[in-house]
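Here's the structure we're looking at; comments come further down.
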Amino acid sequence: MNRTLFILVVEDNPDHQLLIGYSLRASIPQAEPVFVSMAEEAIRYLEECASGKKPFPRLCLLGIDQAPPESAWYLLRELRKRYPCLPVLVLSEQEDPACIRQAYESGAHSFLTKPHDLEGWEVQFKLLSIYWLGVVRLPVAGRC
């Protein structure tokens, strides 16, 4: 069965949005990324999903390197409170141990370092697909 897999992508870098969108579609054909740039947009989008106006995403990819940085951390904490069953995968350009620790302490399900080229993004999303869509079982979208 080839169902559409909605993935909320919170990323304020337009170049990364292009790379993520292309790589997701190339690596996970059923993926339909929904892009927002800011925490407020993500919250509004998820509220519309919760009210039944839009399909609820199965995963959230959260770019943590946003301006201001506090907004991404705020969003992560809000997602954990409001939507506890939505898996949130944090994406960052850096591998700072303090940042990784803060991500997990704030409720991230995974921490991924952003690749530096298109091939790296495609490999990352193929692996993501194997694990998050093949190995683990996700809750029914929006039912938690």
Criterion (without any contact (Cβ under 8 Å) to a residue 40 or more places away in the chain, among the aromatic types (Phe, Trp, Tyr) and surrounded by 17 or more Cβ atoms within 10 Å (Cβ to Cβ)) met by exactly one of Phe35, Phe56: Phe35
Sort out which residues of the range 128-144 are outside any helix (DSSP H, G or I) and touching a residue at least 12 places away in the same chain (Cβ under 8 Å), and write them in order of number. Leu138, Pro139, Ala141, Gly142, Arg143, Cys144
Result of the Cβ filter at 6 Å on the range 100-127, keeping first residues that are crowded, with 17+ Cβ neighbours inside 10 Å and partners that are among the basic types (Lys, Arg), at least 6 apart or interchain, is Ser106/Arg77
For the range 21-58, give me the residue count where each residue is of a type in the set (Gly, Ala, Ser) and either assigned to a loop (DSSP other than H, G, I, E, B) or within 15 Å of Phe6 (Cβ to Cβ) (or both). 7
State the number of residues belonging to the range 59-73 that are buried (at least 16 other Cβ atoms within 10 Å of the Cβ) and either in a helix (DSSP H, G or I) or of a type in the set (Val, Ile, Thr) (or both). 4
Take Ile7 and decide whether it is at pLDDT 95 or above, closer than 18 Å to Leu128 by Cβ and under 15 Å from the mean Cα position of the chain (by Cα). yes
Of these, Phe125, Phe111, which one is of a type outside the set (Val, Ile, Thr), touching a strand residue (DSSP E or B) at 6+ places or on another chain (Cβ under 7 Å) and closer than 21 Å to Ile20 by Cα? Phe111
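The values are calculated or read from the model by the stated rules, or taken from the named source; none is laboratory data. Everything numeric in this text was worked out from a predicted model, so none of it was measured. Glycine also receives a Cβ, built like all others from the backbone with ideal geometry; neighbour counts cover every protein chain displayed.
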